[in-house]
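Chemist: Let me give you the structure first, and then I'll get to my questions.
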Amino acid sequence: MATSKILVGKRSEIDVKSSRKLRIENIDIVLFHLSDGSVLAVENKCPHKGGLLSEGMVCDGKVHCPLHDWKIDLRSGKVQDPDEGCVTTFKTEVDEQSGDIYIHM
């Protein structure tokens, strides 16, 4: 299965500790700009009740679903115990010179 690398913006366009929603290939995605400078991308939907993860708070690399506080690891997509489930993650790449953010689909 071939993947495509899609330019989705610049790191400077997303405040640190903030997020940005986008839609690619009919998938709602959220980019999170973490305090360590990394940019991570996950599907913008909690596997529990479909809560918008873009509206959740991020702490220690995990987003807390705004509906029922499920904690989801932004790197693996895995829901943290005692809950179960997973969200789709997308490989991101940031060009350190230009700040361009790419998502691999």
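The values are calculated or read from the model by the stated rules, or taken from the named source; none is laboratory data. Since we're looking at a predicted model, the values are computed, not measured. Positions of Cβ are backbone-derived with ideal geometry, glycine not excepted, and every protein chain shown enters the neighbour counts. Just so you know, the surface numbers come from the protein's heavy atoms only, side chains and all, with ligands and any DNA or RNA stripped out. Shrake-Rupley method; radii C 1.70, N 1.55, O 1.52, S 1.80 Å.
Chemist: Quote the FRET efficiency, to the nearest 0.05, computed for Gln97 versus Asp69 with a Förster distance R0 of 35 Å and r equal to the Cβ-Cβ distance.
Modeler: 0.35
Chemist: HN-Hα J couplings of region 40-57 from phi, Karplus 6.51/-1.76/1.60, θ = phi - 60°, integer Hz, Gly and Pro as x?
Modeler: Once rounded to whole Hz, the list reads 10, 10, 9, 5, 7, 7, 5, x, 7, 10, x, x, 6, 5, 4, 9, x, 8.
Chemist: OK, next. For region 5-104, what is the Kirkwood estimate of the hydrodynamic radius, computed as the reciprocal of the mean inverse distance between distinct Cα atoms, to one decimal in Å?
Modeler: Values: mean 1/r = 0.0746 Å⁻¹.
13.4 Å is the Kirkwood radius here.
Chemist: Can you work out the FRET efficiency for the pair Glu13 and Ser76, with r the C-beta to C-beta distance and R0 = 22 Å, to the nearest 0.05?
Modeler: Values: r = 26 Å, r/R0 = 1.16.
Calculated value: 0.30.
Chemist: Related question: Once the whole set of protein chains is in place, how much accessible area is left on Ser12, using a 1.4 Å probe, in Å² to the nearest 10?
Modeler: Counting only protein heavy atoms, the figure is 100 Å².
Chemist: Determine the dipole magnitude for region 5-104: charges of +1 sit on the beta-carbon of Lys and Arg, -1 on that of Asp and Glu, nothing else is charged, the reference point is the Cα centre, and the result goes in debye to the nearest 20.
Modeler: On the way: 14 positive and 17 negative charges, 37 e Å.
Here region 5-104 has a charge dipole of around 180 debye.
Chemist: Can you give me the relative contact order of the chain as a percent, contacts being Cα pairs under 8 Å and 6 or more apart?
Modeler: Details: 215 pairs, mean separation 29.0, N = 105.
That works out to 28 percent.
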